[in-house]
Amino acid sequence: MPQYDHILTETRGDVLVVTLNRPDRLNAAPPAMFVEIRNALADLGSARAVLIAGAGRAFCSGADVGGGALGSDDPGNATYAALTQSYNPTLTAIADVGVPVVTAVRGPAAGIGCSLALAADFCVASETAYFLQAFVNIGLVPDGGASWMLTRLIGRPRATEMMMLGERVPAAKAMDWGMIHKVVADDALDAEAFALAERLAAGPTVALGLMRRQLHAALADDYEGAMLREAENQRAARGTRDSMEGGMAFLQKRKAEFRGE
């Protein structure tokens, strides 16, 4: 596996595990960290699912502004460049990757870290996790697709509450709002999130990849456009070996064995 400065990568069975690895700074993310995440996603190898987690007691406390990573001579343009060249392209890469993505959140998922956590297909959070849009507290606006994502996940009133009040949303509340998939005990987080990623990795990979892109596109498509996309994707899925195996398993009343082909 390639060596990175800000993340760790490991392939465990059919799952690529990406770990944000700056625990001393609560995994605050310089632009280079997101470039490394994007590079890791571009090199899936045989992986059929991705799990993104944070080292230590945090998922990601936000962009590393405190460390000077975004520059200070011209902070507005430096931030714009970091978003358009590093952070945003990585979040787009997550949306476009052809396999399911799971995030495991412990402690803070703040700012760009919140966007990263919620960009996954499934966000599993521990009881200590919280989600935070604190930009208002420092006179900034949400970024990393947060305004697009949160209004669709939890509705405008709750998204407005998160953004304009800048208060923590604990894991239990995030679950109640429908923002995340599951809340588990802190000591069970790693195993639960990996088990979910492993389950997804054993599924029909081509169909799952088409499905996740279909779901993402449906947020922007009109009704007729969504149905056309479904028909096109169904044609592609129907031609896979996994589709044939799924049909045979159904007829033979046995569990399908998918290969991701």
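Since every read-out is calculated from the coordinates, none of them should be taken as a lab result. Note that this is a predicted model, so its numbers are computed, not measured. Reconstructed Cβ throughout: ideal geometry from the backbone, glycine too, with neighbour counts over all protein chains shown.
Give me the lysines in straight-line cross-link reach of Lys182: C-alpha distance below 17 Å, same-chain residues under 8 apart excluded.
Within the straight-line limit of under 17 Å, Lys182 reaches these lysines: Lys173.
Count the net charge of all other residues whose Cβ sits under 10 Å from the Cβ of Val99, scoring Lys and Arg as +1 and Asp and Glu as -1.
Residues near Val99 contribute 0 overall.
How much length is gained if the chain between Thr84 and Asp186 is pulled fully straight, taking 0.36 nm per residue apart and subtracting their Cα-Cα distance, in nm to one decimal?
33.3 nm
Give me the number: length gained by fully extending Leu8 to Arg57, i.e. 0.36 nm times residue separation minus the C-alpha to C-alpha distance, one decimal in nm.
Difference between extended and current length: 16.1 nm.
Which value, in nm² and rounded to one decimal, describes the direction-averaged projected area of the C-alpha convex hull of the chain?
14.9 nm²
To test your reading of the geometry: what angle, between 0 and 90 degrees and rounded to tens, separates the Cα axis of helix 241-252 from the longest principal axis of the chain?
60 degrees
What ranking do 228-234, 6-12, 34-40, 169-175 get when scored by the average of other Cβ atoms within 10 Å per residue, highest first?
34-40, 169-175, 6-12, 228-234
With the Cα gyration tensor of region 165-261 in hand, give its eigenvalues times 5 under a square root as the equivalent ellipsoid semi-axes, listed largest first in whole angstrom.
31, 23, 10
Arg259 to Arg235: FRET efficiency via 1/(1 + (r/R0)^6), r the Cβ-Cβ distance, R0 25 Å, to the nearest 0.05?
For R0 = 25 Å, the calculated efficiency reads 0.80.
Just subtract the alpha-carbon distance of Leu228 and Asn39 from 0.36 nm times their residue separation and send over the number in nm, one decimal.
Working it through step by step, the gained length comes to 64.9 nm.
Under the rule a/c < 1.5 gives rounded, and otherwise a/b versus b/c splits prolate from oblate, where does region 205-252 land using the Cα gyration tensor?
prolate
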